[in-house]
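Beneath this line is the structure, given in structure tokens, with notes to follow.
The values are calculated or read from the model by the stated rules, or taken from the named source; none is laboratory data. Just so it is clear, the model here is predicted, and its values are computed rather than measured. Don't worry about glycine lacking a Cβ; one is built from the backbone with ideal geometry, like all the others, and counts go over all protein chains shown. The accessibility values were calculated without ligands, DNA or RNA, using every heavy atom of the protein model including side chains. Shrake-Rupley method; radii C 1.70, N 1.55, O 1.52, S 1.80 Å.
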Amino acid sequence: TMLALAGAAPAADPLVTEGRGAWDGVKNNVVRAAEKMPEENYAFKPVPEVRSFGQMIGHIADAQYMICSAAKSEKRDPAGVEKTKTTKADLVAALKESVSYCDSAFTGLTDAKAMETVKMFGRERSRLAALYANTSHSNEHYGNLVTYMRIKGLVPPSSEPRQK
């Protein structure tokens, strides 16, 4: 990596460090999108056949609990956020709780522990693969959120000017 070339010491657990970095970027975009979209647009659907913006936030929260519980080798009942929460405040709070839960899957995780296998969707996968699946899924739906925001004339978080 460029850091290694610059003489910086490599991270103690580079696989987990890189996985956490990818997750941090995606979770921040999703949470900021949820916070930025006005309440009146939470029921917005571009076409009747798809989830509303609010349902998408609920779906992301539900999936984060499901996937990260597998990564943590925990049994968790489905959160049911998509089917039970409708207000912006409730959905943003539930999303943030699911983000904290996924953050905890990285706490104390070493590269060695990340390679341990867990059961997810009926298959054996490494803990790190499960965490990457969560990051990938959340990012996939962030793309939907971006489209909804653009339709409503809002700049999505990933396209906002960088802070200096």
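For this structure, a couple of remarks:
- Leading residue by the ranking (nearest to the chain's Cα centre (by Cα)) among those in segment 127-149 that are hydroxyl-bearing (Ser, Thr, Tyr) and open to solvent by 30 Å² or more (accessible area, probe 1.4 Å): Ser136
- Residues that are open to solvent by less than 70 Å² (accessible area, probe 1.4 Å) and either at pLDDT 95 or above or assigned to a helix (DSSP H, G or I) (or both) within segment 1-12 comprise just one, Ala4.
- Asp24 vs. criteria closer than 29 Å to Asp111 by Cβ, touching a Ser or Thr at 6+ places or on another chain (Cβ under 6 Å) and surrounded by 13 or more Cβ atoms within 10 Å (Cβ to Cβ): no
- Meets criteria (modelled with pLDDT of 95 or more, acidic (Asp, Glu) and within 16 Å of Ala94 (Cα to Cα)) for Glu49: no
- Qualifying residues in segment 109-126 (those that are within 16 Å of Gly21 (Cα to Cα) and not aliphatic (A, V, I, L, M)) - the one least open to solvent (accessible area, probe 1.4 Å): Asp111
- Scanning segment 109-130 for residues that are closer than 20 Å to Asp62 by Cα, in contact (Cβ under 8 Å) with a residue 12 or more places away in the chain and assigned to a helix (DSSP H, G or I) yields Arg127, Leu128, Ala130.
- Test: residue in segment 27-46 that is among the aliphatic types (A, V, I, L, M), closer than 18 Å to Ile60 by Cα and open to solvent by 70 Å² or more (accessible area, probe 1.4 Å): yes
- Odd one out for Glu49, checked against (1) in a loop (DSSP other than H, G, I, E, B); (2) under 20 Å from Glu160 (Cβ atoms); (3) among the acidic types (Asp, Glu): (2)
- Residue ID - modelled with the lowest pLDDT, chosen from residues in segment 53-108 that are open to solvent by less than 70 Å² (accessible area, probe 1.4 Å) and outside any helix (DSSP H, G or I): Ala79
- Odd one out for Ser159 among (1) open to solvent by less than 40 Å² (accessible area, probe 1.4 Å); (2) more than 23 Å from Val16 (Cα to Cα); (3) over 13 Å from the mean Cα position of the chain (by Cα): (1)
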